[in-house]
Structures are given as C-alpha cells and as structure tokens.
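The values are calculated or read from the model by the stated rules, or taken from the named source; none is laboratory data. Keep in mind it's a predicted model, so treat the numbers as computed, not measured. Note that each Cβ is placed from the backbone with ideal geometry, even for glycine, and that neighbours are counted across all protein chains shown.
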Amino acid sequence: MTTKGARTRTRMIDATLELIQTRGYHGTGLAHITAGAAAPRGSLYFHFPGGKDELVAAALDRVGAEFTGLLESLIAGGADAGTVVAAVFDDLAARLDSSGFATGCAIASVAVDAAAENPALQESCARVYESWRVVLEQLLARDGVPNPAGLAGAIVSLVEGATVVARARRDTQPLDEARAVVLELIGATR
C-alpha cells in the first residue's frame, strides 16, 4: 500500500473511532466516515472491501491494541497492580471529562449497538475485551492477587460499566467508586 493509501486508511479508522465514540455504531454512517476522513467513498471499499463492518472491526482492533499497549507499558515500567488499575480508571475519567462526556468507549458502544445482531462485530468486541482481561490476569497473578482470572474479568466489566454510567450521569463519580472497589479487592488501597 502506498504511503498516501496508508494515510487514507488511517484517517478512515480515526474518523470511525471518533464517530462511534460519540454517535454509536448505528449513528455512524458511511457518509459521516468518508467526510470525517476527507476521503472519497470508493476508497472505503478499496481499503475495507467488507464495508462498514470491516472498517469498524479494524477500528476496534486499533483501540483495543492501544489500551492493551497502555497496560503493558505500565507493567513493563514496574508498576504494581494497584498502580495500573488506578491509572486505567484515572485515564478514563480524564478522557470523559475532557470531552465533556461526549465520547465513550468505542468497544462498549459497538457491543451495545450492534453485537447482538452482528456476529463479526460481536467477535471483535469479545476479542478486545479478552485481550484486556488476559493482560490484567497476568498482572494480578504476578502480584499474587487471589483469583486473578475471575478478578481480571470483573475489572474489565467494572471499567466498562462505570464508564457507561459516568457518561450517562456526566460525572466521573461512578469511575471513582469502581476504582476504590477494585483497589480494595486487589488489596491496594490508595
């Protein structure tokens, strides 16, 4: 792929993520995506022959990998489980607050909007959530936290649920409360 083509593809993924975070899956049309990416409609099908669903799956993979990368970089820097978990909740609260609660998690948005009716997108959402759970499980196990697998899954659920509730309430308190509960569960009060 040419450099120009790679830039166009990246702009499409960027636009898709932004739109899904603010408008949801069903509120994000192809015209919105191509306008946001400043790309002709034909280029969408050139880069994503499977259309909107293939593009959305690529966007979910990207945001999933970015979040996994954040977790892994904190862990590689020697952070303990409490520090990593606190950073996750703090980062999400800051993102919500800085967007005026206009943007949420792209994965949660697609999971709520389309996963029940679209097996490919359901699989994409599940794959991203599982990648986060695995990294958290490894961290919890490394730090000797009991039941790392179950707790890692609960943390992912608490993060996503608290993010949705915080966005609905336009208040980061749900994230703060979930953060405190998780830190207590892993024995890392802050």
So LEU60, is it within 14 Å of the chain's Cα centre (by Cα) and at pLDDT 90 or above: yes
Cross-chain or 6+ apart pairs with Cβ under 7 Å, segment 40-55 first and surrounded by 12 or more Cβ atoms within 10 Å (Cβ to Cβ), then part of a loop (DSSP other than H, G, I, E, B): TYR45/GLY51; ASP53/ASN118; GLU54/PHE48; LEU55/PHE48
Top-ranked residue of segment 1-39 - restricted to ones that are out of contact with any Lys or Arg (no Cβ under 9 Å at 6 or more places or on another chain) and among the hydrophobic types (A, V, I, L, M, F, W, C), ranked as surrounded by the most Cβ atoms within 10 Å (Cβ to Cβ): ILE20
Number of positions in segment 64-91 that are closer than 17 Å to SER131 by Cβ and in contact with a Leu (Cβ under 6 Å, 6 or more places away or on another chain): 2
Looking only at segment 156-178, and only at residues there that are of a type in the set (S, T, N, Q) and assigned to a helix (DSSP H, G or I), the one that is nearest to GLU130 (Cα to Cα): SER157
In segment 71-85, residue surrounded by the most Cβ atoms within 10 Å (Cβ to Cβ) [restricted to those that are aliphatic (A, V, I, L, M) and either within 14 Å of THR22 (Cα to Cα) or in contact (Cβ under 8 Å) with a residue 60 or more places away in the chain (or both)]: VAL85
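Residue-by-condition table, conditions (1) loosely packed, with under 15 Cβ neighbours inside 10 Å; (2) closer than 18 Å to ASP91 by Cβ; (3) in contact (Cβ under 8 Å) with a residue 40 or more places away in the chain:
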| site | (1), (2), (3) |
| --- | --- |
| GLY150 | yes, no, no |
| GLY153 | no, no, no |
| GLU177 | no, yes, no |
| VAL182 | no, yes, yes |
Selected residue (criterion: surrounded by the fewest Cβ atoms within 10 Å (Cβ to Cβ)) from residues of segment 86-134 that are under 16 Å from SER157 (Cβ atoms) and among the β-branched types (Val, Ile, Thr): VAL134
Search result, residues across segment 116-128 that are part of a helix (DSSP H, G or I) and without any contact (Cβ under 8 Å) to a residue 40 or more places away in the chain: PRO119, GLN122, GLU123, ALA126
Qualifying position, being hydrophobic (A, V, I, L, M, F, W, C) and under 19 Å from SER109 (Cβ atoms), among ILE33, ILE75: ILE33
